[in-house]
Structures are given as structure tokens and as C-alpha cells.
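Working notes, beginning with the structure itself.
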Amino acid sequence: MALSAPEIWSRLLERARHELPEQTYRTWLEPTEALALDGDTIIVGTPDRFAAEWNESKHAHVLASLAPVVLGHPISVVFKVDEERKTKPQMDLFVAPPPEPAPPADAEPSNITGQLSARYTFQNFVIGKSNELAAAAAQAVAAAPGKVYNPLFIYGHTGLGKTHLMQAVAHDIIQRAPRTRVCFVGTEQFTNELVAAIQKRSTPEFRRRYRETDLLLVDDVHFLKGKEAVQEEFFHTFNALYEAGRQIILTSDRLPSEIPGLEDRLISRFQWGMVADIGLPDLEHRIAILRNKARLDHLELTIPDDVIYFIAENVRSSVRELEGSIIRLLAYASLKHQDVTVELAHEALRDKLRSNGSHAPEPSTGLTPQVIQQAVAKEWGVTTDGLRSKSRTKHLTVPRQVAMYLIRDLLGLQLVEIGSAFGGRDHSTVIHSLEKVEETLKADPAFAQRVKAVRATLEKLQH
Ligand code: ADP
Ligand code: MG
């Protein structure tokens, strides 16, 4: 029996989800809808022109190429604006972030795939002056684990790529030797597990887990400061692995000798191999990182070069901030239904620009009660007019209460101010709404998840 357009589309999407980065999928393909089937062509509706053109140029080809595998016959994909949806007054392109971290889509044979981020590979790591030593050391370690630099100690400020680089070594080794036993752990997790093991008298299992591994990655060892029992355990783990010729990689926000309260014997061990720092990327490096990021997320056409340059010049504090700027800019553009331009970047990144001490335009907050109402309306599939109306039907009262709650929480407005944003309700109604939401958040995890997702999207506009 022939499949219907929605069936075909959902099969293609399911597959595309594995092929494209999660964020790309959610931003561009999730808000689409199959409209019709015309011979061997499927016509897919998008919320607006921008999305239609963008999907057409970026994804139509990829989707069509999946058809023979998924459907057993070729099909072409055409995107057009879904006029019906366009008439809806709310923001159609507003994209909520994933409610929870995406499950790893790749199929690494190692048992630790879940602990590593699939994106943190050497291939995705852009090398520049600030990190070339650390990157070269990491590559040398990946090529000859346990042989050249043991341990490899990478240090630098937060958000500069330490975790990324450390995991890149693991990915690289696993790719060549899938049976390698790898253990990646944050220092805090190591600490918590040890404390739990002592309580449950299961330290032998704990030790086995960390000592029967070929590659041990311990992230953020500066958190070892002052914890004697943990340092003791760590010391023995270190020795056991080191003596067995297994590779150890550590990261920290400072040099071993500068970690206060770290025992001398650990300081000296941390310095046995190679200590390499990662510094702040320079302008050229920042541009390369942004370009790479745009390429990975299939955003080359969405983010023009002058915008990349603008961000690179103005956001200097860390790579994480650079990435955050892009995410925020895209959310802002889709919220406003505007193309990504330098002007829009100015507006979207106002706060970041200001904190960087550069000449920013007039301050004003990106987040307003109206924006919050729009986001909630979108999530609950109602209109903002409905939210502000007096109607008491349940499909409006629930999102209305959520919007009040988020306005209070994110903007800290007075009760009366909130009331007036909802067509002049009095403060007792607002109080009741806030209480109701708080109750439901505790009782209903699905509801809590939904509220959390909307909040996360809004928070991106706030910082
Ligand atoms: P740290 O562990 O030093 O705090 P992370 O490794 O978590 O930093 O990096 C923060 C973000 O920046 C990650 O998303 C990472 O992929 C990205 N990143 C950092 N350095 C680079 C780089 N040189 N090339 C590409 N992405 C990078
Ligand atoms: Mg880190």
C-alpha cells in the first residue's frame, strides 16, 4: 500500500535526525509538516519563507538522498510556506531547545560512548596559537597512549576546550582500537562515587572500575583541592595505572602547583608527563572557530561572513561564549523572523558586547513580558491574545498561568505589573496562578519538562 505524505515525511525525518546535528534538526526540520504528495515529489510546509528557502537549499538534497534507503524509491522534496500556519499570530519559528540532552546518535563500539560528547573530536577542534601545544601533545598521546606523555595535564580557563581536547584523544583511540577500555570522569563525580562506595562498603568495585581501564580521563582536577580521602584514593589509582603503562589525561583550570590544598605527591605526579596550557584564541582563531561551528551545523548560508567577523571581534572571553553567541543569535533571529545580519547581532548580543567593554547600542532587555507570552503561547499552541483575554477555558488558563509564572521568575516583575500584562488582572489572581504552577511543577514531570524547555529558550535571550 502506498504511504501517505505524512508517513513518508515522518520516515524521512526519523532518518534525517540521525544524519544531521540535533540542533539543526530541531531548528529547521521539526517545525515542518507534510502538505501533499505530487507524483514523486513530496511538498513540505514550513512556518515562513526564510525556513522554506533555507530548507530548500540546505536540506532538500540530503532528504531526497535518504529516500531510496528509507522508502525503497527516489523522491524529491520541495519546501513551501504553509499559508495556513502563517496566519497564526504566534511565532512559528520559535524553537524550544531540546528538553533533555540528545541521546548519542553514533554507534561507537566502546562502552563509554554515553559519557563522551560525539562532537568533541580532533576533527572538530580548531587549532590556533593558543592551543597548538596542547593539541599537538594530545595528538601524540592519541597516537601512542601510555608511551609519550604520561600523564598529559591540560590546563586553562573555563570554556577554552580542555574537555573537548581530552575527549578527542579518547575518540581517536577508540576509533582505531575499539576495544580500548576508556574511563571518563569529572573530579566531582569521582569524589561522589568514592564517598558512596565507602558508605556502601563497596570500595573494591570502585577501585576495579577505575583501575581496570586503558585510558583514564579525569576532568577538572582542581576540584581535588582539600579533599584528603579522595586525594589518597586518587593517588593510588594514578600509581596503579601509571605502573601498568596506561594513559592518564587530566584537566584543570590552573597549574598543578597552583591548586591550593593539593598534596605534594600529587602535584609532582601531575608534572611527570607533559603540562600544556590552552590560552585565549586570537581574532583569526576565533573567526576560524566560528566558521567551523557554522559549517558543522550547516549554517554557512544562515550566518554571513560579516556577522562571523563581528562576533569574533566582539566576543573574546572564551570559545564557549563564542558558541553561546551563535546559539543566542539564531534563537533571536527565529523569534523575530529576521535574517541574520550584523544589525541583528548587535541587538541580540547586546549584553555580551557590553560585558566585553565594547561600544554597544542603547541597553534594553531582550526579554519582555510579551516575548515570554509569545514563547508560552507557541509551546501550548494558543495565541497571545488568548492568554491576555478573560477566557477561563482550561486550554488558556494553564498557559496563562505558566506565562505569569515565567514572567515573575525571569523578570521579577511586581504582581500588579504582571496582572496588567494580562489584561488588567488583580494581584490575587496572579498569586493564585503562581501557586498553581508551583504545585503542578512538583506533581507533573511532563508539565515541568515543558516549562523548563520554554524557560531555557527564554534564558538564552536574557544573558
Ligand atoms: P573547557 O573544558 O575548557 O571548559 P570545553 O572543552 O567544554 O571547555 O569547550 C567549550 C566549548 O567550546 C565546547 O563546545 C567545545 O567544543 C568548544 N571549543 C573549545 N575549543 C575549541 C576549538 N579549538 N575548536 C572548536 N571548538 C572548540
Ligand atoms: Mg571542561
Quick one: which helices (runs of 4 or more DSSP H) sit completely within the stretch 360-463 and have at least 2 residues that are under 22 Å from GLU347 (Cβ atoms)? 369-380, 394-411, 445-462
Residue that is farthest from ligand 1 (Cβ to nearest atom) [pool: residues in the stretch 116-162 that are open to solvent by 20 Å² or more (accessible area, probe 1.4 Å) and within 20 Å of SER257 (Cα to Cα)]: TYR149
Among the residues of the stretch 136-161, which ones are outside any strand (DSSP E or B) and within 16 Å of ligand 2 (Cβ to nearest atom)? ALA138, GLY156, HIS157, THR158, GLY159, LEU160, GLY161
Is it the case, given these coordinates, that LEU283 is closer than 20 Å to GLY156 by Cα and modelled with pLDDT of 95 or more? no
Would you confirm, using the coordinates I've provided, whether GLY39 is under 9 Å from PHE79 (Cα atoms) and either modelled with pLDDT of 80 or more or not assigned by TED's automatic domain parsing to the domain that holds THR302 (or both)? no
Taking the stretch 300-316 on its own, how many of its residues are closer than 16 Å to GLU347 by Cβ, open to solvent by less than 80 Å² (accessible area, probe 1.4 Å) and not hydrophobic (A, V, I, L, M, F, W, C)? 2
If GLY186 meets every condition in (1) within 16 Å of ligand 1 (Cβ to nearest atom); (2) surrounded by fewer than 18 Cβ atoms within 10 Å (Cβ to Cβ); (3) touching a residue at least 60 places away in the same chain (Cβ under 8 Å) apart from one, which number is that one? (3)
Search the stretch 17-70 for residues being in a strand (DSSP E or B) and out of contact with any strand residue (DSSP E or B) (no Cβ under 7 Å at 6 or more places or on another chain), and hand back the single one that is surrounded by the most Cβ atoms within 10 Å (Cβ to Cβ). LEU37
Checking ASN239 against (1) over 30 Å from LYS58 (Cα atoms); (2) at pLDDT below 95; (3) open to solvent by 10 Å² or more (accessible area, probe 1.4 Å), only one condition comes out false. Which one? (2)
Scan the stretch 435-446 and report the pairs whose first residue is among the charged types (D, E, K, R) and whose second residue is at pLDDT 95 or above, with Cβ atoms within less than 7 Å and a gap of 6+ or a chain change. LYS436/GLN401
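The values are calculated or read from the model by the stated rules, or taken from the named source; none is laboratory data. Since the model is a prediction, treat every value here as computed from it, not as a measurement. Every residue, glycine among them, receives a Cβ derived from its backbone with ideal geometry; neighbour counts consider all protein chains shown. These area figures cover heavy atoms from the full protein model, side chains too; ligands, DNA and RNA do not enter into them. Shrake-Rupley method; radii C 1.70, N 1.55, O 1.52, S 1.80 Å.
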